[in-house]
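Quick note: the coordinates plus some simple rules give every number you see, no bench work behind them. Nothing here was measured: the structure is a model prediction, and the numbers come from that model. Cβ coordinates were reconstructed from backbone atoms using ideal geometry, including for glycine residues, and neighbour counts include every protein chain displayed.
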């Protein structure tokens, strides 16, 4: 299965390559934040997971959760270009992203929607980020740097007063320069399992299929509730 996913990633990378050069001319990964800033600046989108039937599947799951649990406030760490959000029904939403271009896109797209606000990630924003439900959708495996991953996970759970939902793969393997899969449940078990319970895991409706790369995924839903 992992070999199939590597093939999937290689196909996607054949369509989109965002690189920086070192002083000697060799290609170097610019870093997680710079990668996404460049990607959106080049008029590229958040990826196939935020479009088509995968986006519809995620929206159905999230909208039902918000409705059934009477969630009033939502924060998303990594709102991207806002296409996934366009399918959402949240009473009050705050979108955060490391890419200032992504925030610019979302502010323009939802300028007439008073239920949604967007902020570029900085310390001031993080200190005031609180909501009943905090979301991380297709983000974890794009956090290449270990310190970035740890900081992200810490802030993700600190920002929630009740629920955290993660949509991601969950195993350890470096696949490409901008895809590093992590078994994030190990970090949770080691650091915050006394504070948070995994209340549900929902497998993807469209499990990975190498014959349908753009419409399938290895990410699943993980639902956490504060103890």
Rg in Å to one decimal, and Dmax rounded to a whole Å, for segment 119-190 via C-alpha atoms: 12.5, 35
Show me, bin by bin at 5 Å from 0, the whole-percent P(r) of segment 150-224 based on Cα pairs. 3, 13, 21, 25, 17, 11, 6, 2, 0
Just grab the label-to-label distance for residue 225 and residue 104, each label 7 Å out from Cα along the Cβ direction, in nm (one decimal). 4.3
Extension gain (nm, one decimal) between residue 70 and residue 194, 0.36 nm per residue minus Cα-Cα: 42.2 nm
Residue 147 to residue 214: extension gain in nm, 0.36 nm per residue of separation minus the Cα-Cα distance? 21.1 nm
By the mean-Cβ-within-10 Å protection proxy, highest first, 218-226, 105-113 rank as 218-226, 105-113
In nm, what is the difference between 0.36 nm times the number of residues separating residue 207 and residue 112 and their Cα-Cα distance? 30.6 nm
If we sort 133-143, 177-187 on the protection proxy, mean other Cβ atoms within 10 Å, highest first, what's the order? 133-143, 177-187
Hydrodynamic radius of segment 40-125 per Kirkwood, over alpha carbon pairs, in Å: 13.3
